Amino acid sequence: MKATTDKAPLFVRVGNMFTLPLLRAGLRVVGFGRYPAYLLTVRGRTSGLPRTVPIVLIRRHGKRIVASPYGYVNWVRNLQAAGEATLTRGRHSEVVKATQLEPIEAALILREDVQAGNPFARFFGVTKDAPLKEFERAVGSHPMFALDSTIIPTDAASTYTNQGKQHGIVRNLPRLPFLRRIPHARQRDGR
């Protein structure tokens, strides 16, 4: 793992400033190369605060894969530390477990994706005609993660037991103003 954090090019950071509000508003945006855009929310590795970044997913062999064409940027380092994230598209959000792919598996997926016309291949430093060794070298500095759905997070399992009613996650959810119970007319009038 690298000691320094890479930075995405300026045009990507500016593009993210425009894409992020659209994705937060629930619009289904499609990125370059017709890859679906998602919001990836990961807990910060030092601050512990949620960090959200727009990403695009690669779908290969029944897997959802996120790759970093810009190297070890902050969201990559956060995802490595946290091991899980929230993936949002439109109004649908899900908690996913992120597993960094082994170099050979990542190289094969990257080669297949580049050969299919990935518009960001140049940032990985490979061409579609490059040998597999070049793809293995590329994934060494451009990590790839498989994102797997978690049906019931392990710490949420207690929510479904009697004890969970007292100590489960449901009790610890933040109170959002739009989720407050609105009093009925009888309760407001005191009847």
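Among rounded, prolate and oblate, which fits the stretch 6-72 when a ≥ b ≥ c are the square roots of the eigenvalues of its C-alpha gyration tensor, a/c under 1.5 means rounded, and a/b larger than b/c means prolate? Mind showing how you got there, number by number?
Working: a/c = 1.33, a/b = 1.18, b/c = 1.13.
Judged from the Cα gyration tensor, the stretch 6-72 comes out rounded (a/c under 1.5).
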Starting from the Cα-Cα distance between residue 28 and residue 59, subtract it from 0.36 nm times their residue separation and give me the gain in nm to one decimal. 9.5 nm
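Where a number appears in this text, it was derived from the coordinates with a stated rule and is not lab data. From a predicted model like this one, the values you see are computed outputs, not experimental measurements.
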